[in-house]
Amino acid sequence: MTVSPQQLDAVLARIDADLDQSLERLFALLRIKSISTDPAFAGDCRACAEHLSRDLAGIGFVAGVKATGGHPAVVAKSPAGNGGPRVLFYGHYDVQPVDPVDLWRVPPFEPRIETLADGRKAIVARGACDDKGQVMTFVEACRAFKAVTGSLPLPITMLLEGEEECGSKNLPAFVESSKSELDADLALVCDTGMWDPKTPAITTSLRGLVYEEVTVTAADRDLHSGLFGGAAQNPIRVLSKILGALHDDDGRVTIPGFYDGIHDLPPEVARQWAALDITAENFLGPVGLSVPAGEKGRSILEQVSSRPTAEVNGIWGGYTGEGSKTVIPSQASAKVSFRLVAGQDPLKIRDGFRAFVNARLPADCSARFIDHSAGPALMLDWGMKPLAAAKRALSEEWGREALLIGSGGSIPICGDFKRVLGLDTLLIGFGLDDDRVHSPNEKYDLTSFHKGMRSWARVLAALAG
Ligand SMILES: [Zn+2]
């Protein structure tokens, strides 16, 4: 159904008038302790799913709580009869644990509005942003459409999972087995952020992740460094030399073929990024750093989002206890991860890393690998129509041009949507860098919530048209 400007205005007015009630509904959701990683809260997770299912049924969705291998998922479908592209909205109702609980200014499951030092008002509670507040921006936009026009502007399926914060282990299988139910033309995900408090953003690329654990073994036991030192191979020396060779002096990864298949940014995106004021001072300064350590000749924004990386995330071996122990260890280990961009094949990168290590092992040493993850990057077609429509809608709501940005992180569900359902995903969210997601005193700006609801109303109208 095409939404007329008058109808859209009425929906937006409804959202404004209903703000207090929509806050009440968000607060009710935030009071449910849906901590997914701790089995003690399994009942709360189920209660949260049931709560959402009831709420969605109340605005006309055919909604149900669906069993998965773990915490249940909520699937809600708008009744048949609506024309227009079908969208699949994804969010999660589970939250992170709250400890250390004594660092919270308010009890984490008793939401309240606080005024920040700079005058902004914010909802403070566990899940206020990630992801209950963000999910409700979408639900409330649907509610307003239903109230004003009697129906939704386009067919919507909602998938709300309860295991995002503990790895979404059961989600790929659930998507696979619910393929026909989740069938759609486009996926929408609201688990990302704005560029800054005034500038909306659409995340159009996500980096992939290959995560390896490597253990180098030399002697068949730990050795006395006085008796054997000098003659015995030391696996810590071997491993650190190999890891040290992963980058050249220009910060480029030296694994053969690592950069194969990668494209540079489209010129208009490169221009938009160049105009953003990202400097070593304002990006690295706040974490106590001053000089970008990535590839020479690439901007900071490129280094953290559109270029691939290799990082050592952990390294251990030998004696690390108190005092001294003169030992040449038998083994040394490291965890090494690669953030990938579009064009890179995760399995090729994984194999390339393993070959890189094996080729550098001296006599008497062997290497063992554990595969912790191997997921590809995602990139939207910059020319796709829904992207342009959503960008226009967001720009209208916020009064400034929405940015197309790349995220350095990974959201694996988008890969499953592409692989299993063939869907591209628009990632639109209203989180801010200072939301303290996963930390004590998590918050969501009242503006993010209010204008987030209005933004979704505009985006849905734009997609329907
Ligand atoms: Zn999270």
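A quick yes/no check of all residues on (1) open to solvent by less than 10 Å² (accessible area, probe 1.4 Å); (2) over 14 Å from Y444 (Cα atoms); (3) modelled with pLDDT of 95 or more:
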position: K146; (1), (2), (3): no, yes, yes
position: I156; (1), (2), (3): yes, yes, yes
position: E161; (1), (2), (3): yes, yes, yes
position: K169; (1), (2), (3): no, yes, no
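Here segment 26-38 is the region considered, the condition is being assigned to a helix (DSSP H, G or I) and touching a residue at least 40 places away in the same chain (Cβ under 8 Å), and the residue that is surrounded by the most Cβ atoms within 10 Å (Cβ to Cβ) is L30.
Name the residue that is nearest to A374 (Cα to Cα), counting only residues in segment 391-433 that are within 16 Å of the ligand (Cβ to nearest atom) and open to solvent by 60 Å² or more (accessible area, probe 1.4 Å).
Going through the qualifying residues, I end up with P412.
Can you name the residue in segment 199-217 that is open to solvent by 20 Å² or more (accessible area, probe 1.4 Å) and at pLDDT 95 or above and, of all such residues, is nearest to the chain's Cα centre (by Cα)? Per the criteria, the residue is E213. Please tell me if S366 is of a type in the set (S, T, Y), surrounded by 14 or more Cβ atoms within 10 Å (Cβ to Cβ) and out of contact with any Cys (no Cβ under 7 Å at 6 or more places or on another chain). Against the criterion (of a type in the set (S, T, Y), surrounded by 14 or more Cβ atoms within 10 Å (Cβ to Cβ) and out of contact with any Cys (no Cβ under 7 Å at 6 or more places or on another chain)), S366 does not qualify.
Of all residues in segment 138-177, which are among the charged types (D, E, K, R), within 24 Å of the chain's Cα centre (by Cα) and more than 16 Å from the ligand (Cβ to nearest atom)? Within segment 138-177, E140, E176 meet the criteria. Scanning segment 269-282 for residues that are at pLDDT 95 or above and aromatic (F, W, Y) turns up nothing. Cβ-Cβ contacts under 7 Å between residues 6 or more apart (or on different chains), taken from a first residue in segment 169-185 that is basic (K, R) to a second residue that is open to solvent by less than 40 Å² (accessible area, probe 1.4 Å) and not in a helix (DSSP H, G or I), are listed as K169/G70; K169/E163. Of the residues making up segment 44-71, those that are farther than 20 Å from V175 by Cα and either free of Cβ contacts under 8 Å to residues at least 40 places away in the same chain or open to solvent by 40 Å² or more (accessible area, probe 1.4 Å) (or both) number 6.
Here S455, S407, S448 are screened, and the one residue that is modelled with pLDDT under 95 and either under 22 Å from D18 (Cα atoms) or touching a Leu at 6+ places or on another chain (Cβ under 7 Å) (or both) is S407. Is it fair to say P97 is touching a residue at least 60 places away in the same chain (Cβ under 8 Å) and away from the ligand (no atom under 16 Å from the Cβ)? Answer is no for this residue. Only residues that are away from the ligand (no atom under 16 Å from the Cβ) and either part of a loop (DSSP other than H, G, I, E, B) or modelled with pLDDT under 95 (or both): list them for segment 188-198, please. Those that are away from the ligand (no atom under 16 Å from the Cβ) and either part of a loop (DSSP other than H, G, I, E, B) or modelled with pLDDT under 95 (or both): M194, W195, D196, P197, K198. Do the conditions hold for A128, that is, is it out of contact with any Cys (no Cβ under 9 Å at 6 or more places or on another chain), away from the ligand (no atom under 16 Å from the Cβ) and either open to solvent by less than 10 Å² (accessible area, probe 1.4 Å) or of a type in the set (A, V, I, L, M, F, W, C) (or both)? It is false that A128 is out of contact with any Cys (no Cβ under 9 Å at 6 or more places or on another chain), away from the ligand (no atom under 16 Å from the Cβ) and either open to solvent by less than 10 Å² (accessible area, probe 1.4 Å) or of a type in the set (A, V, I, L, M, F, W, C) (or both). The set of residues from segment 77-129 being within 20 Å of A49 (Cβ to Cβ) and β-branched (V, I, T) comprises V95, V98. Note on segment 213-253: residues that are part of a helix (DSSP H, G or I) and within 15 Å of P362 (Cα to Cα) total 9. The set of residues in segment 370-390 that are under 20 Å from L243 (Cβ atoms) and surrounded by 15 or more Cβ atoms within 10 Å (Cβ to Cβ) comprises S373, A374.
Restricting the first member to segment 434-449 and to residues that are β-branched (V, I, T) and away from the ligand (no atom under 15 Å from the Cβ), and the second to residues that are open to solvent by less than 10 Å² (accessible area, probe 1.4 Å) and part of a loop (DSSP other than H, G, I, E, B), the beta-carbon pairs closer than 9 Å and six or more apart or on different chains are T447/F430. The listed residues are E114, E110, and the only one of them that is of a type outside the set (S, T, N, Q), exposed (fewer than 14 other Cβ atoms within 10 Å of the Cβ) and at pLDDT 95 or above turns out to be E110. Of all the numbered requirements in (1) in contact (Cβ under 8 Å) with a residue 24 or more places away in the chain; (2) over 29 Å from G375 (Cβ atoms); (3) in a loop (DSSP other than H, G, I, E, B); (4) not acidic (D, E), K325 misses one, and that requirement is (1).
Residues of segment 171-198 being under 16 Å from L463 (Cβ atoms) and open to solvent by 20 Å² or more (accessible area, probe 1.4 Å), which ones? Hit for segment 171-198 is D185, nothing else. Scan segment 79-100 and give yes if some residue there is modelled with pLDDT under 95, over 19 Å from R436 (Cα atoms), open to solvent by less than 30 Å² (accessible area, probe 1.4 Å) and assigned by TED's automatic domain parsing to the domain that holds D183, otherwise no. No, every residue in segment 79-100 fails to be modelled with pLDDT under 95, over 19 Å from R436 (Cα atoms), open to solvent by less than 30 Å² (accessible area, probe 1.4 Å) and assigned by TED's automatic domain parsing to the domain that holds D183.
The values are calculated or read from the model by the stated rules, or taken from the named source; none is laboratory data. Note that the coordinates shown come from a computational prediction; the quantities given were computed from them, not determined experimentally. All Cβ positions, even for glycine, are placed from backbone atoms using ideal geometry, and neighbour counts span all protein chains on display. Each accessible area value is taken on the protein alone, full model and side chains, heavy atoms only, with ligands, DNA and RNA left out. Shrake-Rupley method; radii C 1.70, N 1.55, O 1.52, S 1.80 Å.
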